[in-house]
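Report on one structure; see the data block that follows.
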Amino acid sequence: MNPAVAGLVGAIFGALIAGSATTFGPLLLQRHKDRTEGRQRLEEARVRKVDLVNDVGVQCRAWLLYLSRTLHDRQAGSQVTLAEFDEKCEKLRTSAERALAQAANAGYVLSHSGLADALRSLEEQVRVSLLLPARPEHLAHLHGAANSYFTPRQVVTFRMLDEVLHGRPPSDPTSGTVFERHYPA
């Protein structure tokens, strides 16, 4: 092969290689950047969902804990005024219901769930026990009911966290707990 032709072929191949590197190099870098940003966005979304689920657990626990303590104090003979109860409970209920509503951003519809309804009902029963003279056995029953909600509430929170952390689609976290709703067939 003529050295001039070989040089020309070499120059053409060199130009093709340089041209493809200048074309594909930035494309590959952009593709890598897009993938990294996509993973980062997914991770940020997962962290936000974890925060939402944790907030549900914390706020519902605070509300339930206050109801349980109020019943315990009432059983011990302490007189909790209705005004005190309403003021404190309003703040806790509002925070818990806000957290339950925000859980929708993580895919969980809990605002009108059995969990929310059970806590609202318990609050109403505690309020009535403060208004009317309550028998000790009724207070003991209510206090037992309030305490029985702690573990299933925690199960609901753990189920949601497990699904969020493992990237699974949201399911009904109340299924199989006392908060599960059963609809007639």
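The values are calculated or read from the model by the stated rules, or taken from the named source; none is laboratory data. Fair warning: this is a prediction, and the values are worked out from it, not measured in the lab. Cβ sites come from the backbone with ideal geometry, for glycine too, and all protein chains shown count toward neighbours. Heavy atoms of the whole protein, side chains included, go into the accessibility calculation; ligands, DNA and RNA do not. Shrake-Rupley method; radii C 1.70, N 1.55, O 1.52, S 1.80 Å.
Restricting the search to helices (runs of 4 or more DSSP H) fully inside the stretch 66-158 and requiring at least 1 residues that are of a type outside the set (Asp, Glu), open to solvent by 50 Å² or more (accessible area, probe 1.4 Å) and touching a residue at least 60 places away in the same chain (Cβ under 8 Å) gives 136-148. Residue 161 falls short on exactly one of the conditions (1) assigned to a loop (DSSP other than H, G, I, E, B); (2) under 17 Å from the mean Cα position of the chain (by Cα), and that condition is (1). Of 134, 104, all but one fail to be at pLDDT 90 or above and out of contact with any Cys (no Cβ under 9 Å at 6 or more places or on another chain); the exception is 104. Against the conditions (1) within 21 Å of residue 150 (Cβ to Cβ); (2) touching a residue at least 40 places away in the same chain (Cβ under 8 Å), residue 49 satisfies every one except (1).
Among the residues of the stretch 159-175, those identified as open to solvent by 20 Å² or more (accessible area, probe 1.4 Å) and within 29 Å of residue 70 (Cβ to Cβ) are 159, 161.
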